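Undergrad: Here's a structure for you.
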Amino acid sequence: MVKEKYSKGDFVKLYQIFSKKIFDFLKRKVSNKEIAEDLTAEVFEKVLKTINDYQWQGISVSAWIYRVARNHLIDYYRKQNKFKDDTSFDDVVNIVESNSPTAETEIIQDEEDIILFRTLKELDEEDQYLIYYKFFEEMSNSEIAQIVGQTETNVGTRLHRIRKKMEKIIKIKSNEKVF
């Protein structure tokens, strides 16, 4: 088995490949562009400082970088000691300026988004990450398994159970008043 070793010389290429993905990951978690930019910079600062220590040991460099980002995000929330929904001014402007076909369509989509958001909030943090990796990052079960340190089969089974659980929650929530 070949062990990969990375050096600071590889950092620029890794940054080019992963910075946008890590930024998008963090932005979805903090809902604030500026905070996500700061966190992304801090993640890649950690990657740069520790890249000489990285050796392939069953997980890819991409899984390692995502793990660094996830751990940094957890540290950020611990320091903040709050889990609030931050919305940047740019996000508000984008929502206001978006061209939707009709107000009715937008209201229906908002209701569906609220139900999905509330459903995701009911899942434990590990399950939320699995859903994020699978459906937002569009990772394979194999890639997810590397990140979370489980077998590919285990990830597939857990995702199946999570989807079934979400279906039940959504059915219940769809009958509740959204607003």
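The values are calculated or read from the model by the stated rules, or taken from the named source; none is laboratory data. Note that the coordinates shown come from a computational prediction; the quantities given were computed from them, not determined experimentally. Virtual Cβ from ideal backbone geometry, glycine too; neighbours counted across all protein chains shown.
Undergrad: Could you say whether any residue in the range 128-140 is within 21 Å of Lys29 (Cβ to Cβ), among the hydrophobic types (A, V, I, L, M, F, W, C), exposed (fewer than 15 other Cβ atoms within 10 Å of the Cβ) and out of contact with any Asp or Glu (no Cβ under 9 Å at 6 or more places or on another chain)?
TA: yes
Undergrad: Kindly indicate whether Asp10 is over 20 Å from Glu126 (Cβ atoms), part of a helix (DSSP H, G or I), of a type in the set (Asp, Glu) and modelled with pLDDT of 85 or more.
TA: Here the answer is no, as Asp10 does not meet what is asked.
Undergrad: In addition: Of all residues in the range 50-99, which are charged (D, E, K, R) and modelled with pLDDT under 80?
TA: Passing the criteria: Asp53, Arg78, Lys79, Lys82, Lys84, Asp85, Asp86, Asp90, Asp91, Glu97.
Undergrad: In the range 125-159, what count of residues is obtained for those that are among the charged types (D, E, K, R), assigned to a helix (DSSP H, G or I) and in contact (Cβ under 8 Å) with a residue 40 or more places away in the chain?
TA: Total satisfying the criteria: 1.
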